[in-house]
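Asker: A single structure is presented below for examination.
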Amino acid sequence: MGVVEAYSRLKFRFGREITLNALWGMEAALSGIDWRHLADERKQELKALLAAEQNASLTAGLK
């Protein structure tokens, strides 16, 4: 399971209590850096992956 899926599961379970900082933190931890040093480009990539996952989930739910 990747960080985007892990974040999605946390968000589903805990709702508004989970923010994007959790996604940044998990990605940074796996990269061995402080979450505040995560590059803006990587944050945008993660947001795009998250949006793609959410769209796939919505599409699958409509079938």
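Since every read-out is calculated from the coordinates, none of them should be taken as a lab result. Please read all numbers here as calculations on a predicted model, not as lab measurements. In this analysis, Cβ positions are derived from the backbone assuming ideal geometry, glycine residues included, and neighbour counts consider all displayed protein chains.
Asker: Can you give the helix-only mean residue ellipticity at 222 nm for the chain, where every DSSP H stretch with n ≥ 4 adds -39500 (n - 2.57) and the sum goes over all residues, rounded to the nearest 500 deg cm²/dmol?
Answerer: Numbers: 3 runs with 47 residues, N = 63.
Only helices count here, giving -24500 deg cm²/dmol.
Asker: How tilted is helix 20-31 with respect to the longest principal axis of the chain? Cα atoms for both, answer in degrees (0 to 90, nearest 10).
Answerer: 60
Asker: Which three numbers, in whole Å and largest first, are the semi-axes of the equivalent ellipsoid of the chain derived from its Cα gyration tensor as √(5λ)? If you can, show how the numbers build up before the last one.
Answerer: Values: eigenvalues 100, 34, 17 Å².
Output for the chain: semi-axes of 22, 13, 9 Å.
Asker: Here's another thing I want to ask about it. On full extension of the chain, what length is gained from ARG9 through GLN54, given 0.36 nm per residue of separation minus the C-alpha to C-alpha distance?
Answerer: Working: separation 45, 0.36 × 45 = 16.20 nm, distance 1.13 nm.
That pair, ARG9 and GLN54, stretches by 15.1 nm at full extension.
Asker: Can you give the net charge of the other residues whose Cβ lies under 14 Å from the Cβ of VAL3, counting K and R as +1 and D and E as -1?
Answerer: Residues near VAL3 contribute +1 overall.
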